[in-house]
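Report on the structure given below.
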Amino acid sequence: MVTYLDHAATTPMRPECTEAMLPFLGPRWGNPSGGHALARDARRAVDEARDVVAACLGAEPGEVVFTGGGTEADNLAVIGAVARHGRVAVCSAVEHHAVLHPVEALGGRVVGVHGDGRVDLAALDAALDAQVGVVSLMLANNEVGTVQPLAEAAALVAERSPAAVVHTDAVQAVSWLDVATLTAPAHLVAVSAHKFGGPQGVGALVVRDGVAVEPLLRGGGQERERRSGTHNVAGIVGMAAALAATVEQRGETVERVGALRDRLADGLLAAIPGCTESGTRSTKVAGTCSLLIEGIESEALLVLLDRKGICATAASSCASGAAQPSHVLAAMGVPRALAYGSLRLSLGWTTTGAEVDHALAVIPGAVAQLRERSAVPVLR
């Protein structure tokens, strides 16, 4: 049995997505920038997909810019806004690297968060002034699932830096939150198809009417000169189909998966001594179970889980062959030693009760096995 608990990394494609894409991988293969019938057919498909994406995200069709994924959308928002308007970029310390790295490369300002992972609004307020051109705050965190107070942050920006635009990375939020409503205060909204049952390699950036960003890619002038390059027609059509299905089914999915997440988290917390939950569950999206386990290294745990058919990840990355603790957990004040024992279990639209049962049966034993090898005492 394979238990997939890594939906925050990528999700299985929805059947609606696959069905919508197939014709554009075969007979409807035209380039939408052309003028003949085959090209016009592709163009209509892109325009219809744009209408669907816009409606689902609370935007106008002309505000939707199709991109090669969430990273490009985030980079276009941050780098494009600074390049067009100048001034300084600001973001929180728990942003995805697709935001954090561009802000740092541009010499921007990074503000701290509280222990639950939510941005410190007082610190944000202190970082705002007339020199700020763009403020980026993700809607839901990719590691611990924390939902940020976007409306409150946007109100601060409007008061303290009225010339600045607000960008939100909503990549992890689409499956769980009413993105159309919650991102209304933002001028720029980034999403990625493969996080909600669409294909990999396609995303979108909502650029509100009246807001301008300098393009990262120049060439044929597609996407109203905001993102040049031949459209990924199949990917765009698939993204629209997956997004529509996600929005239609979101209420049921949140209720069902939220209950499974709670059962998984509560079961592991009860079965594993020295196991705590990172962040505050009440402020997280329904699919995220983020744990800190004393006395182990998560990389070793992931190897054992993989052998047992459980796909999971740690809230950390590997750089230059040396394991580095998560910058998100570090910003939340998690001690470095404990951060090395992090485990991210992310559920999604395909998650079943049987998968949760499998995880509950396997993970405590794997942790115990690692602790026996290390002989490190753990406080109960």
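Tell me, please, whether a residue that is among the hydrophobic types (A, V, I, L, M, F, W, C), under 30 Å from residue 340 (Cα atoms), touching a residue at least 12 places away in the same chain (Cβ under 8 Å) and surrounded by 23 or more Cβ atoms within 10 Å (Cβ to Cβ) can be found in segment 236-245.
No, that holds for no residue.
What tally of residues in segment 148-172 results from selecting those that are among the polar types (S, T, N, Q), assigned to a loop (DSSP other than H, G, I, E, B) and within 21 Å of residue 283 (Cα to Cα)?
2
Which of the residues spanning segment 5-21 are surrounded by 14 or more Cβ atoms within 10 Å (Cβ to Cβ) and in a helix (DSSP H, G or I)?
16, 17, 18, 20, 21 - these are the residues of segment 5-21 that are surrounded by 14 or more Cβ atoms within 10 Å (Cβ to Cβ) and in a helix (DSSP H, G or I).
Given 55, 89, which one is in contact with a Pro (Cβ under 9 Å, 6 or more places away or on another chain) and surrounded by fewer than 18 Cβ atoms within 10 Å (Cβ to Cβ)?
Matching residue, one of 55, 89: 55.
From 26, 30, which residue is at pLDDT 95 or above, of a type in the set (Gly, Ala, Ser) and in contact with a helix residue (DSSP H, G or I) (Cβ under 6 Å, 6 or more places away or on another chain)?
The match here is 30.
Cβ contacts < 7 Å: first residue touching a residue at least 60 places away in the same chain (Cβ under 8 Å), restricted to segment 178-200; second residue outside any strand (DSSP E or B) and among the charged types (D, E, K, R), any location; separation 6+ or different chain. Result?
190/74; 197/14
I'd like the full set of residues that are farther than 13 Å from residue 20 by Cα and in contact with a Pro (Cβ under 7 Å, 6 or more places away or on another chain), limited to segment 224-267. Break it down into steps so the answer makes sense when it comes.
Taking segment 224-267 first, the residues farther than 13 Å from residue 20 by Cα are 224-232, 246-267.
Matches in segment 224-267: 225, 226, 227, 228, 231.
Evaluate segment 216-223: report whether one residue or more is more than 30 Å from residue 114 (Cα to Cα), hydrophobic (A, V, I, L, M, F, W, C), at pLDDT 95 or above and not in a helix (DSSP H, G or I).
yes
Please go through (1) assigned by TED's automatic domain parsing to the domain that holds residue 148; (2) touching a Cys at 6+ places or on another chain (Cβ under 6 Å) for residue 217 and return the number of the only condition it doesn't satisfy.
The single condition residue 217 does not satisfy is (2).
Which residues, taken from segment 30-50, are of a type outside the set (Gly, Ala, Ser), in contact (Cβ under 8 Å) with a residue 60 or more places away in the chain and either in contact with a Cys (Cβ under 8 Å, 6 or more places away or on another chain) or surrounded by fewer than 17 Cβ atoms within 10 Å (Cβ to Cβ) (or both)?
31, 48
The values are calculated or read from the model by the stated rules, or taken from the named source; none is laboratory data. Since the model is a prediction, treat every value here as computed from it, not as a measurement. Positions of Cβ are generated from backbone atoms using ideal geometry, with glycine treated the same way; all protein chains shown enter the neighbour counts.
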